[in-house]
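To keep things clear, I will list the structure first and then write my remarks on it.
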Amino acid sequence: MTNEPNTAPTIQAMVWYKEEDWDSLLELFTDSDLLPASHKDWLIRAEELKKKIEGSGDIVVKVFIDPQTFPAWCKEKGTPMDASARTELAIEVTTRQNLSI
């Protein structure tokens, strides 16, 4: 028995990419040099992180970045197409789905 209080799992928005969008997205992102060169390498890291988060009892919501709509969303927000924008979009989408983060 642990002395830790029972807490409800938190919901964490996680940016996700489809393999068929990978190259297009890398061309759009201002910080693409910070991402792995291949979708396969990115997916391995992302799945490991997802597993770690879920292993701690939290819930992961995958939010896919669409190369067709992301540029307009960034323009509307006045933000560069970088990791901060991707995270902000993921949180916004998850919140819109009436999920709490």
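Values in this text are rule-based calculations from the coordinates and carry no lab data. This is a predicted model, so every value here is computed, not measured. Positions of Cβ are backbone-derived with ideal geometry, glycine not excepted, and every protein chain shown enters the neighbour counts.
Here the spin labels are modelled as points 7 Å beyond Cα on the Cα-Cβ line, and at THR7 and GLU20 they lie 4.0 nm apart. Helix 39-55 and the long axis of the chain differ in direction by around 20°, with both axes built from C-alpha atoms. Using alpha-carbon pairs under 8 Å, 6+ residues apart, how would you state the relative contact order of the chain in percent? Worked out over the chain, it gives 43 percent.
Across all directions, the average projected area of the convex hull around the alpha carbons of the chain is 7.7 nm².
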